[in-house]
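Before any comments, here is the structure.
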Amino acid sequence: MKFATLGHLMIKENIRDMPKDWIHDSWIYSPELNVKGTKGHITGLLLTAKEMMESPIEEIRQNILDLAVFIQDEFNVELIQLGALTTSVTSGGKWLADNTSFSGFVNHGDSYTAAVTCQGVMKSLKICHKVPSECTIAVIGAYGIIGEAISKILVPQFNHSILIGRNRHKLKNLRENVKGDFETTTYLSTRKADVILTATSHPTALLSSAHLKENAIVVDVSQPPNLSYAICQKRPDVFRVDGGFVDLPKQIPYQIPALPKGKIFSCVAEVIMQAFENEKKDHVGSIDLHHLKKTEEWAEKYGFTLHEMTNFGVPIKSD
Amino acid sequence: MSSLPANQKTINDYDIMIVGGGPAGVSTWLHLNKYAPELAAKTVLIEKEIFPREKICGGGIGGWSGVILQNLDVHLDIPSLHISDIEFINGEKTFILHQPNCFEMVRRIEFDHALMKLAVSRGLMLHEDELFLHFTRNHRNLLVNTTEGTYKVKVLIGADGALSSVRRSMNLSNIPHIASTLEVFSPANNAFDHEFDEKKITVDLTFIKKGLQGYIWHVPCIKNGKSFVGHGMANFPIHKKKPKASMTNIFNQVLQSRNIAIDQKSWVGHPIRWYAKEDTISIPNILLAGDAVGIEPAFGGGIHFALSYGEVSAKSIINAFQTNDFSFQDYGTTIQAHLIGKWIAKCTSVALSLYDMKMDPFDAAREVFTIRKKK
């Protein structure tokens with residue numbers, strides 16, 4: 001099954017990191033890539049995160065659909081992974097999956113991202129000699145696709161959990177979907193959290209130094225990051241981890257533009273693995289925890305691992 | 001529920017008298033009945049009113065109430081609303097503490113009546129519409145005068161509320177620790193009251209910074225099959241030298257913010273007593289229980305305390321009969337060593353900091369309302 005990732009630029013400067021033959025008039029699309037015999041393309045809109053957030057949703061959706069139909073018709077793509085804000089703009093991918101103009105399958109890739117994020121939290125705790133049953137975790141963006149799945153998995157393991165989001169109604173739904181005891185709030189109540197997990201689509205860094213407990217662990221899945229490099233420099237006690245990346249298997253020697261060497265977005269890894277498996281299914285909307293578990297099994301099978309964690313691309317030493 | 005004794009005669013039929021038919025009094029009898037049925041059979045409970053009787057209270061059955069009721073094999077079939085969310089407000093900031101089924105909202109008129117009916121069905125001798133008047137000592141017994149007669153008993157339990165007549169008759173030299181409350185009930189207004197739809201309790205701590213040593217509550221309840229919300233406020237003057245906030249002004253402001261126009265004359269208020277470890281709560285042959293002893297001064301949660309006081313008082317009574325020592329001199333230390341005593345001590349510490357603005361109100365709320373730790 002031929003796959004494609006469909007994303008967008010974070011900032012205009014990202015264009016500079018792209019191979020020139022990927023840039024086209026309307027979109028970004030790579031030549032055909034061969035990943036261990038499975039073919040695919042990396043594609044995207046020529047819009048920045050800011051433009052994605054500020055443009056009318058109908059316009060963005062049409063742009064996504066046009067690109068999806070183009071790669072379907074031109075390259076015989078059957079499986080599309082929606083990256084970054086293309087997921088939220090399409091209601092977790094459901095809008096594209098339901099659209100009859102695109103006949104293939106859609107995956108937001110967030111199931112494996114959520115799984116890897118949970119692994120990252122546990123690995124960080126271990127490195128910092130902490131145990132979840134004695135810690136408070138704050139999840140920012142808790143009712144998002146990734147945040148909700150992570151909350152479902154991690155809330156029962158932590159001593160206390162603070163689930164954060166801006167929309168009261170969405171927080172209410174979250175309370176109905178997450179089992180266990182926790183608190184929800186609309187303000188950034190992270191000051192007492194031992195672990196902060198961010199999974200938002202906020203266009204700027206949300207966390208200031210005042211939001212961070214001494215020696216806090218921050219697993220930042222958000223793109224752009226919710227904790228800035230500058231604050232990280234000011235707060236060396238804080239243990240920050242780039243979320244949403246995994247190590248590529250050695251047999252797949254690609255260098256993804258703008259990513260640390262040997263790393264790949266976990267959402268992209270998920271769609272590659274689905275293509276390997278030739279699984280003809282949509283994985284859109286809320287994450288099915290059974291599917292999430294399955295992505296971990298696929299990762300083990302194909303050699304995608306969270307071996308080495310990074311902070312702004314710099315490897316973190318585990319000792 | 002049972003026949004009253006003949007007027008003004010000396011009644012020798014009972015060894016124990018419980019004054020007050022609320023949860024503390026009934027819990028005392030239910031625990032006696034569980035652990036020493038022979039003593040329960042020689043116990044009379046007098047209640048000044050006739051059941052079902054109104055009781056001003058938020059009606060939240062929470063804390064460890066479920067454990068005690070289960071231990072007593074008490075399952076009441078009354079309308080109730082299961083609450084999993086408590087929303088705390090401090091100015092613009094809010095958070096919701098989510099703990100599945102942490103409160104069961106009931107109407108006290110129904111809860112107290114159902115609990116009493118259950119106790120009577122298990123053999124409790126209940127005398128309704130009978131008032132405690134005073135007691136005198138007679139050798140090692142007490143002669144207790146009520147509006148219906150004189151009882152000769154070995155033990156008297158004052159479970160008759162914050163303004164306990166039994167407590168007053170004991171002439172204790174305690175410093176009074178009395179909080180005030182105000183409360184109104186109004187039909188749920190979907191535009192302003194989200195407590196019913198969202199099945200949550202709201203606790204507003206905003207007014208602490210305006211001098212209130214207390215908080216505002218909004219609780220959902222069902223009255224005659226209809227959705228109501230109870231709006232109330234409590235003020236615990238734990239720092240006696242601090243300037244007093246005007247409860248009336250604050251409550252007016254709160255009701256206006258919810259578009260409630262209930263005349264001040266229709267507001268109801270009741271006192272709450274809180275317990276301090278220096279308080280004397282027993283004298284020979286006489287124990288206090290429930291609100292007559294006092295609850296915690298941070299948020300004033302009461303029903304679980306009442307049920308627990310019943311357990312401690314019953315066990316103290318059983319011990320007294322077993323050892324033939326009716327001094328009850330260890331009752332205070334027994335209470336302090338029990339979960340209720342420890343909890344009250346913790347909440348007192350929270351209240352002292354919270355109402356002196358030395359503790360973040362949300363941290364105080366977490367300290368008191370978090371009921372399950374996952375460790």
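Given the DSSP H assignment, sum -39500 (n - 2.57) over each helix run of at least 4 residues in chain A and divide by its residue total; what's the result at 222 nm in deg cm²/dmol, nearest 500?
-10000 deg cm²/dmol
By what distance, in whole Å, do the Cα atoms of the range A:17-62 stretch along each of the three principal axes, largest value first?
That gives 39, 21, 16 Å along the principal axes, largest extent first.
Assign unit charges at the C-beta atoms only (+1 for Lys and Arg, -1 for Asp and Glu), then state the dipole size of the range A:200-319 relative to its Cα centre in Debye, rounded to the nearest 20.
280
Please work out the C-alpha center-to-center distance from the range A:24-57 to the range A:90-167 and express it in whole Å.
24
Viscosity 1.002 mPa s, temperature 20 °C: give me the Stokes-Einstein translational D for the range B:279-335 in µm²/s, with Rh taken as the Kirkwood radius over C-alpha pairs.
183
Assuming R0 = 41 Å, can you tell me the calculated FRET efficiency for the pair B:Asn138 and B:Lys209, based on Cβ-Cβ distance, to the nearest 0.05?
Between B:Asn138 and B:Lys209 the formula returns 0.15.
Percentage of Cα-Cα pair distances in the range A:126-285 greater than 19 Å, rounded to whole percent? Please list the in-between numbers first.
On the way: 7456 of 12720 pairs.
So the pairs more than 19 Å apart make up 59 percent of the total in the range A:126-285.
At a Förster distance of 30 Å, what's the computed FRET efficiency of B:Ile371 paired with A:Glu308, Cβ-Cβ distance as r, to 0.05?
On the way: r = 41 Å, r/R0 = 1.38.
Here the calculated transfer efficiency is 0.15.
Charges on Cβ only, +1 for Lys and Arg, -1 for Asp and Glu, centred on the Cα centroid of the range B:10-69; of B:Ser27, B:Gly63, B:Ile11, which one is farthest towards the dipole's positive end?
So the residue furthest toward the plus end is B:Gly63.
Tell me, what is the percent relative contact order of chain B, built from C-alpha pairs under 8 Å that lie six or more residues apart?
Details: 777 pairs, mean separation 78.8, N = 375.
Rounded, it is 21 percent for chain B.
If one puts a single equal scatterer on every Cα of the protein assembly as shown and applies the Debye formula without solvent, what log₁₀ I(q)/I(0) results at q = 0.10 Å⁻¹?
For the protein assembly as shown, the Cα-only Debye profile gives -0.94.
Along the charge dipole of chain A, Cβ charges K/R +1 and D/E -1, which of A:Thr100, A:Asn167, A:Val271 sits furthest on the positive end?
Of A:Thr100, A:Asn167, A:Val271, it is A:Asn167.
Just to confirm a number: summing +1 for Lys and Arg and -1 for Asp and Glu over residues other than B:Gln336 whose beta-carbon lies under 9 angstrom from that of B:Gln336, what do you get? Present the calculation step by step, with values, prior to reporting the outcome.
Details: positive: B:Lys277, B:Lys342; negative: none.
The answer is +2.
Hey, in the GNM for chain B with a 10 angstrom Cα cutoff, which one of B:Thr150, B:Thr323, B:Thr28 fluctuates hardest?
Comparing B:Thr150, B:Thr323, B:Thr28 in the GNM, the peak value goes to B:Thr323.
In terms of the Cα gyration tensor, with a ≥ b ≥ c the square roots of its eigenvalues, is the range A:1-94 rounded because a/c is under 1.5, prolate because a/b exceeds b/c, or oblate?
Because a/c hits 1.5 or more and a/b fails to exceed b/c, the range A:1-94 counts as oblate.
Among the complete DSSP H segments of chain B, which ones combine at least 24 Å of alpha-carbon extent along their axis with a mean Kyte-Doolittle hydropathy of -1.0 or more?
What comes out of the filter, once short or polar helices are dropped, is B:303-323.
Counting only residues 5 or more places away or on other chains, whose amide H sits under 5 Å from the amide H of A:Val106 once H atoms are built in the peptide plane?
For A:Val106, whose amide H was placed from the backbone, the distant partners under 5 Å are A:Ile80, A:Asp282, A:His283.
Can you tell me which of B:Ile18, B:Ile78, B:Ile295 moves the most in a GNM of chain B? Springs connect C-alpha atoms under 10 Å apart.
Greatest mean-square fluctuation among the candidates belongs to B:Ile78.
List the longest stretch of chain A that has no exposed loop site; here a site is one of the GluC sites (Glu not before Pro) assigned by DSSP to anything other than H, G, I, E or B, with at most 13 other Cβ within 10 Å.
A:33-213
Roughly how big is chain A's charge dipole about its Cα centre, with Cβ charges of +1 (Lys, Arg) and -1 (Asp, Glu), in debye to the nearest 20?
For this selection, approximately 900 debye.
Between B:Ala298, B:Ala261, B:Ala159, where does the largest GNM mean-square fluctuation fall for chain B, given springs only between Cα atoms within less than 10 Å?
B:Ala261
Determine the distance separating the Cα centre of the range A:230-295 from the Cα centre of the range B:264-281; give it in Å without decimals.
Using only Cα atoms to place each centre, the spacing works out to 59 Å.
Residue by residue through A:171-178, how many Cβ atoms from other chains fall within 10 Å of the Cβ on average?
Neighbouring Cβ atoms belonging to other protein chains average 3 per residue here.
Report, in whole Å, the centroid distance computed from the Cα atoms of the range B:25-41 and the range B:197-240.
Using only Cα atoms, the two centres lie 34 Å from each other.
Quick one: P(r) of the range B:1-137 from all Cα-Cα pairs, 5 Å bins, percents rounded to integers, in order of increasing distance.
2, 9, 17, 19, 16, 13, 8, 7, 4, 3, 2, 1, 0
Normalise the Debye intensity by I(0) for chain B, one equal point scatterer per Cα, no solvent, then take log10 at q = 0.14 Å⁻¹ and round to two decimals.
So the normalised log intensities work out to -1.19.
Which whole number in µm²/s is D for the range B:246-375 by Stokes-Einstein, with the Kirkwood Rh taken over Cα pairs at 4 °C and 1.567 mPa s?
Answer, rounded: 76 µm²/s.
Have a look at B:Ser164, B:Ala188, B:Val203 and report the one farthest towards the positive end of the charge dipole of the range B:163-208, computed about the Cα centre with Cβ charges (Lys/Arg +1, Asp/Glu -1).
Ranked along the dipole, the leading option is B:Ser164.
Go from 0 up to the bin containing the longest alpha carbon distance in the range B:178-251, width 10 Å each, and give me the % of pairs per bin.
Taking all Cα pairs of the range B:178-251, the binned fractions are 20, 45, 26, 9, 1 percent.
Rounded to the nearest 20 debye, what is the charge dipole size of the range B:27-185 about its Cα centre when +1 sits on each Lys and Arg Cβ and -1 on each Asp and Glu Cβ?
860
In whole Å, what three semi-axes, largest first, describe the equivalent ellipsoid of the range B:61-125 built from its Cα gyration tensor (square root of 5 times each eigenvalue)?
Numbers: eigenvalues 191, 30, 15 Å².
The answer is 31, 12, 9 Å, longest axis first.
Using bins 20 angstrom wide from zero, how does P(r) for chain A break down, in % of all Cα pairs?
Per 20 Å bin, starting at 0, the Cα pair percentages come out as 34, 59, 7.
Counting only other residues whose beta carbon sits under 11 Å from that of B:Leu212, what net charge do I get with K and R as +1, D and E as -1?
+3
When all alpha-carbon pairs of the range B:92-223 are counted, what percent fall beyond 27 Å?
Within the range B:92-223, distances greater than 27 Å cover 48 percent of Cα pairs.
Laboratory data are not the source of any read-out in this text; all were calculated from the coordinates shown. No experiment lies behind these values; they were computed from the predicted model shown. No Cβ is skipped: glycine too gets one built from the backbone with ideal geometry, and neighbour counts run over all protein chains shown.
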